[in-house]
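Colleague: Got a structure for you, questions after.
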Amino acid sequence: QVQLVESGGGLVQPGGSLRLSCVASGTAFSIYSMGWYRQPPGKQRELVADITITGTTNYADSMKGRFTISRDNAKNTVYLQMNSLAAEDTAVYYCNAIIIPKQYWGQGTQVTVSS
């Protein structure tokens with residue numbers, strides 16, 4: 001059973017930074033894509049960024065320049081470095097993994113940006 005475990009969320013002041021991590025376990029197959037989605041309060045889940053096994057990245061427009069996604073294939077781990085955080089970034093952040101043909105989700109980690 002594939003499991004994704006996120007860590008690194010928390011409370012941060014506006015302008016601050018956080019680094020999220022997600023470790024995938026329970027698979028003997030290559031993870032084609034790993035990524036992050038978020039769901040702000042009262043809104044739908046949206047893509048933050050994803051990265052393929054070859055390192056190709058894709059960002060939502062509002063995250064470009066502030067967020068950086070990276071992954072360690074040997075550790076089945078994906079990271080999200082978030083800088084210049086604003087109140088609008090407050091959300092539950094979910095890790096996502098695609099092991100073709102299936103998609104998996106983590107339980108989510110709360111990120112709250114507030115003074």
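The values are calculated or read from the model by the stated rules, or taken from the named source; none is laboratory data. All figures in this text were calculated on a predicted structure; none of them were measured in a lab. All Cβ positions, glycine included, derive from the backbone under ideal geometry; neighbour counts span all protein chains shown. When the accessible area is computed, the model is the full protein with side chains, heavy atoms only, and any ligands, DNA or RNA have been set aside. Shrake-Rupley method; radii C 1.70, N 1.55, O 1.52, S 1.80 Å.
Colleague: Grab the beta carbon distance between Thr27 and Gln81, set R0 = 25 Å, and tell me the FRET efficiency rounded to 0.05. Could you put the intermediate results ahead of the total?
Modeller: Working: r = 25 Å, r/R0 = 0.98.
Efficiency for this residue pair is about 0.55.
Colleague: Sticking with the crude label model, points 7 Å out along Cα→Cβ, report the distance from Thr56 to Ser70 in nm, one decimal please.
Modeller: Using points 7 Å along Cα→Cβ, the separation is 2.2 nm.
Colleague: If you find the alpha carbon centre of the range 23-38 and of the range 61-106, how far apart are they in angstrom?
Modeller: Centre-to-centre (Cα) distance: 11 Å.
Colleague: How much accessible area per residue does the chain have, in Å², with a 1.4 Å probe?
Modeller: Working: 6180 Å² over 115 residues.
I get 54 Å² per residue for the chain.
Colleague: If you build the convex hull over the alpha carbons only and average its shadow over all orientations, what do you get for the range 1-58? Give it in nm² to one decimal.
Modeller: Working: hull surface 21.9 nm².
Taking a quarter of the hull surface, the average projection is 5.5 nm².
Colleague: So, one more: Once Lys and Arg get +1 and Asp and Glu get -1 on their Cβ, which of Gln44, Leu20, Thr54 lies farthest toward the positive end of the dipole of the chain?
Modeller: Of the options given, the answer is Thr54.
Colleague: Can I ask one more? In debye, nearest 20, what is the charge dipole magnitude of the range 41-105 about its Cα centre with +1 on Lys and Arg Cβ and -1 on Asp and Glu Cβ, if you could check? The partial results should precede the final answer.
Modeller: Details: 7 positive and 6 negative charges, 33 e Å.
I would put it at about 160 debye.
Colleague: Also: Report, to the nearest whole %, how much of the accessible area of the chain belongs to carbon and sulfur atoms, 1.4 Å probe, protein only. Write out the running numbers ahead of the final one.
Modeller: Working: 2990 of 6180 Å².
Ligands and nucleic acids excluded, carbon and sulfur reach 48 percent.
Colleague: Cut-off 10 angstrom, C-alpha nodes, Gaussian network model of the chain. Which of Thr52, Thr27, Thr68 fluctuates the most?
Modeller: So, out of Thr52, Thr27, Thr68, the one fluctuating most is Thr27.
Colleague: Using a Gaussian network for the chain with springs between C-alpha atoms less than 10 Å apart, which of these wobbles most: Lys102, Lys64, Lys75?
Modeller: Lys102
Colleague: Relative contact order for the chain: what percent, with Cα pairs under 8 Å and sequence separation of 6 or more? List each step's numbers first, then the result.
Modeller: Values: 288 pairs, mean separation 42.8, N = 115.
Rounded, it is 37 percent for the chain.
Colleague: Compute a Gaussian network model of the chain, connecting alpha carbons closer than 10 Å, and tell me which residue from Val78, Val23, Val48 fluctuates the most.
Modeller: Among Val78, Val23, Val48, the largest mean-square fluctuation in the Gaussian network model of the chain belongs to Val23.
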